[in-house]
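This report refers to the structure that appears directly beneath it.
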Amino acid sequence: MCGIVGYLGEGNVYDILIKGLHRLEYRGYDSAGVALVGNDGKINIFKTKGKVSNLEAFCADKCLDSKVGIAHTRWATHGEPSDTNAHPHYSEDGNIAIVHNGTIENYKLLKDALLQHGCKFHSDTDTEVLAQLIEYIRVTNKCSLLSAVRQALKQVVGAYAIAVVEKDNPDTLIAARQSSPLVIGMGDGEFFLASDATPFVEYTKECVYLKDGEIAEIRRNEPLKITNLDNVEAEIDVTTLQMSISQLEKGGYPHFMLKEIFEQPDTLRDCIRGRVVERGARININGVNDHKEKFLNAKRIIIVACGTSWHAGLLGKYLLQDMCRIPVEVEYASEFRYSNPVINEDDVVIAISQSGETADTLAAIQIAKNAGAFVFGISNVVGSSIPRETYSGCYIHVGPEIGVASTKAFTGQVMVLTLLSLAIAQLRQTMTQEQIADVGKAVLKIPTYVKRVLELNAKIERMSLIFTYARNFLYLGRGYSYPVALEGALKLKEISYIHAEGYPAAEMKHGPIALIDREMPSVIIAPKDHLYEKIVSNVQQVKARGGNILAIVTEGDTEISKLADHVLEVPEMPECLTPIITSVPLQLLSYYIAINKGKDVDMPRNLAKSVTVE
Ligand code: M6R
């Protein structure tokens, strides 16, 4: 949510910043801006409403010479998206410029105090308050920028990642973080700063993840220095990135989303690698092996997550209860944190997040830790906050997901939850060795089966034309297919802006059945599983009311295929693995419907990839 880029070095500052902003645009794209400190003792700030491409057009005829700069792409929190509310913000005397990600909760209080001191404000943002506060302290206390930043941050309540530059000081860049990510790229005589490592991966693989409460002092031709708010020097922990530049490009696909859907055979293979061993007979999850007693003694598992990750979590409930016979609760992290939850020391809390930075999920983790529970994280982004804040965990290893609508991360999360359930079942002996091996062997086939499902692409593209102008959709499923229905509906709404509701198929008759007519398609996920006969009845109920049915069924299906208007067949799998297979056609369906409607599938309106605010 909001992307920050900074650069200090001998390269072309503006070009590096703009390229970096494009890479971070998935984090927010309602406005963008740059602040460039030149040799002439000036900060040039250019900012515009809209996407980074608007900013580029705006800057085309401007003087862009600079020695150090900061840039930002915004997802609005305080104040509507506009030129004025866009970052960077600056102090009234024009001495400093700042970009900020997060929310300053006590900004009104700070603003009132500054107004009393005669400060004037030009925007509605909390960030401008921070800019004015830093400069007010710098001038009043006659101190350095670094010291002013430290003193200002001590007064701030909330979350922030900031980068600050000063007019007369083209050799310095100050950055700080609290609950919002920031990483420093360490080049040869140059430093990069960004919300994640994607803007600088082609320049350097060496980086330092800033920790909460740390301030980085980046000076030209000097080593990086990191201190905390009490000015105590911190150790510099350099990480080598594994990411490659090709992972950040579209690779010939028109959109990241389509590329990411098609990557799934490979991403699932990467996710499984080393975790299903002895030809499927044994499951090896280090995060479980290292904490066996926690999983052996767990009386309950609580899963916390948001959005698509919550849907994966709901599947986790079915998987864990089936395989491990442990009671599982699945909570929206945003509700959990304020629900006065009852958490016991023998609970295992599983936090799921693609980005590893979701604010609500991080808050839920903190609550669980404070209550003494063992917290296990499932994330995609290596080095992000959630893996660092949890006691143990498991990466999904699907590579950077750039499309705002989650696809390969969802199937990766479901795969990890399947493997985790098998590993715990192995440990608690709630499944026989034979049962584990049966599922383990099928897991090894998943990448090939997903590849087969992707062969439906052309058929789904054609089929999408029939559904493009529907105004409402119902997605129905039972058992393992119910979370798939929820996820299918979410995918459609977020990228095509068509209203879609996911429902347990049997629950439909308690209300939503009233909506059914020829105009409203029902997408029914009905693979061959132990509830198949039950869902046949639900399909008949829709049919009897003249509903228009698209069914996802197992290859060779006859019963539902006869009733449905449109059918997509997927390969047969053990029931617990069907969600990975059935969710792929739904991803493609949403993608093509959104494309037919001319929507920007990679950057849907109002959304951001990483939701780092409440
Ligand atoms: O990074 P996270 O998995 O924690 O993000 C959670 C949700 O914001 C995310 O899944 C969101 O719902 C996506 N837009 C879904 O496509």
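The values are calculated or read from the model by the stated rules, or taken from the named source; none is laboratory data. Note that this is a predicted model, so its numbers are computed, not measured. Neighbour counts are summed over all protein chains in view; Cβ atoms, including those assigned to glycine, are modelled from backbone coordinates with ideal geometry. Surface accessibility is based on the protein's heavy atoms, side chains included, excluding ligands, DNA and RNA. Shrake-Rupley method; radii C 1.70, N 1.55, O 1.52, S 1.80 Å.
Structure values in brief
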| read-out | value |
| --- | --- |
| Qualifying residue in the range 314-335 (condition: open to solvent by less than 20 Å² (accessible area, probe 1.4 Å), within 30 Å of Glu614 (Cα to Cα) and not hydrophobic (A, V, I, L, M, F, W, C)) | yes |
| Some residue of the range 162-173 being within 21 Å of Tyr26 (Cβ to Cβ), of a type outside the set (S, T, N, Q) and in contact (Cβ under 8 Å) with a residue 40 or more places away in the chain | yes |
| Of the criteria (1) open to solvent by 10 Å² or more (accessible area, probe 1.4 Å); (2) under 26 Å from Lys42 (Cα atoms); (3) under 29 Å from the mean Cα position of the chain (by Cα), which one Asn141 fails | (3) |
| Residue among Ala500, Ala489 that is touching a Lys or Arg at 6+ places or on another chain (Cβ under 6 Å) and over 16 Å from Gln541 (Cβ atoms) | Ala500 |
| Strands (runs of 3 or more DSSP E) completely within the range 508-570 that count 3 or more residues being in contact with a Gly (Cβ under 9 Å, 6 or more places away or on another chain) | 521-526 |
| Search result, residues across the range 594-614 that are more than 16 Å from the ligand (Cβ to nearest atom) and assigned to a loop (DSSP other than H, G, I, E, B) | Lys597, Gly598 |
| The one condition in (1) of a type outside the set (Gly, Ala, Ser); (2) open to solvent by 70 Å² or more (accessible area, probe 1.4 Å); (3) within 30 Å of Asn606 (Cα to Cα) that Thr48 fails to fulfil | (2) |
| Residue among Tyr7, Tyr14 that alone is in a helix (DSSP H, G or I), touching a residue at least 24 places away in the same chain (Cβ under 8 Å) and under 25 Å from Pro400 (Cα atoms) | Tyr14 |
| Residue in the range 109-124 that is nearest to the chain's Cα centre (by Cα), counting only those that are among the hydrophobic types (A, V, I, L, M, F, W, C) and in a loop (DSSP other than H, G, I, E, B) | Phe121 |
| Yes/no for Val342 being modelled with pLDDT of 95 or more and touching a Phe, Trp or Tyr at 6+ places or on another chain (Cβ under 8 Å) | no |
| Residues being open to solvent by 10 Å² or more (accessible area, probe 1.4 Å) and in contact with a strand residue (DSSP E or B) (Cβ under 9 Å, 6 or more places away or on another chain) - total across the range 336-350 | 7 |
| Those residues of the range 179-231 which are among the polar types (S, T, N, Q), modelled with pLDDT of 95 or more, open to solvent by 20 Å² or more (accessible area, probe 1.4 Å) and in a strand (DSSP E or B), in sequence order | Asn228 |
| Residues within the range 488-518 that are of a type outside the set (A, V, I, L, M, F, W, C), within 16 Å of Ala544 (Cα to Cα) and either within 16 Å of the ligand (Cβ to nearest atom) or surrounded by 15 or more Cβ atoms within 10 Å (Cβ to Cβ) (or both), tallied | 1 |
| Elements of type strands (runs of 3 or more DSSP E) contained in the range 373-483, each with 3 or more residues being within 16 Å of the ligand (Cβ to nearest atom) | 374-379, 392-395 |
| Residue within the range 553-564 that is closer than 28 Å to Thr418 by Cα and surrounded by fewer than 18 Cβ atoms within 10 Å (Cβ to Cβ) present | yes |
| Some residue of the range 148-166 being crowded, with 22+ Cβ neighbours inside 10 Å, small (Gly, Ala, Ser) and part of a loop (DSSP other than H, G, I, E, B) | no |
| Residue under evaluation Ser66, criteria (1) under 18 Å from Ser91 (Cβ atoms); (2) in contact with a helix residue (DSSP H, G or I) (Cβ under 6 Å, 6 or more places away or on another chain), criterion not met | (1) |
| Any chance His100 is assigned to a loop (DSSP other than H, G, I, E, B) and buried (at least 18 other Cβ atoms within 10 Å of the Cβ) | no |
| Any hit, the range 574-593, residues being in contact (Cβ under 8 Å) with a residue 24 or more places away in the chain, among the charged types (D, E, K, R), assigned to a loop (DSSP other than H, G, I, E, B) and open to solvent by 10 Å² or more (accessible area, probe 1.4 Å) | no |
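Each row is one residue, and each column tells you yes or no for (1) under 22 Å from Thr448 (Cβ atoms); (2) of a type in the set (A, V, I, L, M); (3) open to solvent by less than 80 Å² (accessible area, probe 1.4 Å).
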| position | (1), (2), (3) |
| --- | --- |
| Thr240 | no, no, yes |
| Ser246 | no, no, yes |
| Gly251 | yes, no, yes |
| Arg269 | yes, no, no |
| Gly274 | yes, no, yes |
| Ile283 | yes, yes, yes |
| His291 | no, no, yes |
| Ile302 | no, yes, yes |
